[in-house]
Amino acid sequence: MEAEREASEARWLDADEQQHWYAFAYVLTQLPAALESQMQREAGIAHFDYVVMSALSGAPERTLRMSELAQYAGSTLSRLSNVIIRLEKRGWVRRHPDPADGRVTLATLTDDGMAKVAAAAPGHVEAVRRLVFDPLTKAQQRQLGAASQRILAALDAPCPTDWASPGASADRE
């Protein structure tokens, strides 16, 4: 009975909203797959690994607390820890205790890791341009940014603000 009442009170999508939602939902599946494919093909790494290393590349001293890095990467600490272990084995990231607070673990992008990010960035930026920005007018690009910020706010997941600041890493999605 409760489910029937909830169904009758649902705010159903109208035809236009359904069309927009289906298109957006399809983008949510197709874009990550395309970026993953490009990164694997051209750089030999997972797109998520690149996101993590890219976040570190723009941080002061290429170092972030693991909890901050998880936020930048849109990840859980558990998933991030597994990725960091893999990146450590490749010599691209180093974990160490925070000298100011030994309870905190820091992740630092090594010189080899920075070289990997720098080598992967041009192909990634080209893919982002080709798949996201080139099909849109400048006005649509601004609308995409504004809409994304509003959706993130509804999710209570604000985008880290320094990603958009001048002088940040050469590649911020």
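Where a number appears in this text, it was derived from the coordinates with a stated rule and is not lab data. Given the structure is predicted, the values throughout are model-derived calculations rather than measurements. Every residue, glycine among them, receives a Cβ derived from its backbone with ideal geometry; neighbour counts consider all protein chains shown.
Given the chain reduced to its alpha-carbon atoms as identical point scatterers, what log10 I(q)/I(0) does the Debye formula return at q = 0.11 Å⁻¹?
-0.57
Can you tell me the order of 74-84, 125-135, 17-27 when each peptide is scored by its average per-residue count of other Cβ atoms within 10 angstrom, highest first?
In decreasing order of mean packing, 74-84, 125-135, 17-27 become 74-84, 125-135, 17-27.
Name the most mobile residue of 15, 55, 43, meaning the one with the largest mean-square fluctuation, in a Gaussian network model of the chain with Cα contacts below 10 Å.
In this elastic network of the chain, the residue with the biggest mean-square fluctuation among 15, 55, 43 is 15.
Along each of its three principal axes, how wide is the spread of alpha-carbon positions in segment 36-120, in whole angstrom units, largest first?
Principal-axis extents of segment 36-120 (Cα, largest first): 40, 25, 21 Å.
Cβ under 11 Å from residue 38's Cβ, residue 38 left aside: what net charge do those residues give with Lys, Arg +1 and Asp, Glu -1?
-1
Mean Kyte-Doolittle of at least -1.0 and a Cα length of 20 Å or more along the axis: which whole DSSP H helices of the chain meet both?
15-43, 111-128, 138-154
For a quick check, take a GNM of the chain with Cα springs below 10 Å and name the residue from 157, 119, 73 with the largest mean-square fluctuation.
Result: 157 has the largest fluctuation of those listed.
Among residues other than residue 81 whose Cβ falls under 12 Å from its Cβ, what is the net charge (Lys/Arg +1, Asp/Glu -1)?
+2
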